[in-house]
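K.L.:
After the structure tokens below, expect a handful of questions from me.
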Amino acid sequence: MARPRRTDTERKRGRMRAAALMNSLARKIGVANPHQFALHFDALTGMNTQSSGKWRSSFNGEKALSTQQLQLLSRIDPEVFERHEMGPANLWQAMWAPLQGLRSILSTELALWPTLEVLVAEFEGDLLLAEAYHEPLTIAHLAKAVALHRLVHELNARIIPVGIDGEGTYRAIRRCLDDTSVAAALASLGIFDDVDAELSDWLAGHEELASTPAAARWNALASRLDWIA
């Protein structure tokens, strides 16, 4: 039986997965480009992938990795299949996994805080503090912002109202995308433009919420967080 054709969305996600994985593997083994990666891989495996440019199109986000290629790459990193699926700091999981898959990204926070409302408020408060003290954010912050946004808004829309408006999650995503450290980390993996475009689409129609001044969000959180004086 022929395998079903992939949708445009699936093909784009495959290319994003490939770029992020290949660039992260290159960083792990200390090489700077597809040519150097192929030389290292060939020396390790006895294959000849350098002359064919086997890895270049995946590095550049132009072609998804096949299962066979992932199996070959597992000789460099045995966790390559998981990294390909989950993404850097679990970003693909946060963006694309079914709703039930988001719990693993937020497991520490879900265990720490008594309710989802408090969790969302505490996370936003941490981002606001980082902004106030000019502390850099990470891809992990972005992944958690995305996971919380989906959790709140998809629960409200599809399953059961959770009593949280989720207005701050729009700003949290925008704040992470605009952070220079996050942008640089995504760019180094060859995925900033695609991630920014996809998540900006999520924020379309909610630009006012995404650009709310920090002071307004502090005021909104004051009644939920007892540490805000």
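K.L.:
Before we move on, is GLU109 under 24 Å from ASP226 (Cβ atoms) and either in the same structural domain as LEU155 (by TED's automatic domain parsing) or surrounded by fewer than 17 Cβ atoms within 10 Å (Cβ to Cβ) (or both)?
P.N.:
Values: under 24 Å from ASP226 (Cβ atoms): yes; either in the same structural domain as LEU155 (by TED's automatic domain parsing) or surrounded by fewer than 17 Cβ atoms within 10 Å (Cβ to Cβ) (or both): yes.
Taking the combined requirement at face value, the residue satisfies it.
K.L.:
Looking at segment 28-46 only, could you name the residues that are under 17 Å from GLN69 (Cα atoms) and of a type in the set (A, V, I, L, M)?
P.N.:
Within segment 28-46, ALA38, LEU39, ALA43, LEU44 meet the criteria.
K.L.:
Given the options GLY30, GLY101, GLY87, GLY46, name the one that is of a type outside the set (A, V, I, L, M, F, W, C) and touching a residue at least 12 places away in the same chain (Cβ under 8 Å). Explain how you work it out, then say what you get.
P.N.:
Details: GLY30 fails: touching a residue at least 12 places away in the same chain (Cβ under 8 Å); GLY101 fails: touching a residue at least 12 places away in the same chain (Cβ under 8 Å); GLY46 fails: touching a residue at least 12 places away in the same chain (Cβ under 8 Å).
Answer to the selection: GLY87.
K.L.:
For the structure I just gave you, tell me whether ALA19 is out of contact with any Lys or Arg (no Cβ under 8 Å at 6 or more places or on another chain), modelled with pLDDT of 95 or more and crowded, with 17+ Cβ neighbours inside 10 Å. Break it down stepwise before answering.
P.N.:
Values: out of contact with any Lys or Arg (no Cβ under 8 Å at 6 or more places or on another chain): yes; modelled with pLDDT of 95 or more: yes; crowded, with 17+ Cβ neighbours inside 10 Å: yes.
The answer is yes for ALA19.
K.L.:
Among the numbered conditions (1) touching a residue at least 12 places away in the same chain (Cβ under 8 Å); (2) outside any helix (DSSP H, G or I), tell me where GLU135 comes up short.
P.N.:
(1)
K.L.:
Continuing with this model, one more query. Please give the number of the condition ALA172 fails out of (1) crowded, with 16+ Cβ neighbours inside 10 Å; (2) more than 18 Å from the chain's Cα centre (by Cα); (3) of a type in the set (Gly, Ala, Ser).
P.N.:
(2)
K.L.:
On to the next question. Please go through segment 101-116 and pick out each residue that is assigned to a helix (DSSP H, G or I) and among the aliphatic types (A, V, I, L, M). Outline the logic, then answer.
P.N.:
Within segment 101-116, the first condition is being assigned to a helix (DSSP H, G or I), and the residues that meet it are 101-102, 107-112, 116.
Passing the criteria: LEU102, LEU110, ALA111, LEU112, LEU116.
K.L.:
To continue, here is another question. Out of LEU65, LEU70, LEU91, which single residue is surrounded by 15 or more Cβ atoms within 10 Å (Cβ to Cβ) and within 18 Å of ALA187 (Cβ to Cβ)?
P.N.:
On the way: LEU65 fails: within 18 Å of ALA187 (Cβ to Cβ); LEU70 fails: within 18 Å of ALA187 (Cβ to Cβ).
Going through LEU65, LEU70, LEU91 in turn, just one is surrounded by 15 or more Cβ atoms within 10 Å (Cβ to Cβ) and within 18 Å of ALA187 (Cβ to Cβ): LEU91.
K.L.:
Hey, another quick one. Name the pairs: first residue in segment 115-126 and assigned by TED's automatic domain parsing to the domain that holds HIS149 and farther than 10 Å from ALA172 by Cα, second residue assigned to a helix (DSSP H, G or I) and among the charged types (D, E, K, R), Cβ to Cβ under 7 Å, at least 6 apart or on different chains?
P.N.:
These pairs meet every condition: LEU119/GLU109.
The values are calculated or read from the model by the stated rules, or taken from the named source; none is laboratory data. All of these numbers come straight from a predicted model, not from anything done at the bench. We place every Cβ from the backbone using ideal geometry, glycine too, and count neighbours over all the protein chains shown.
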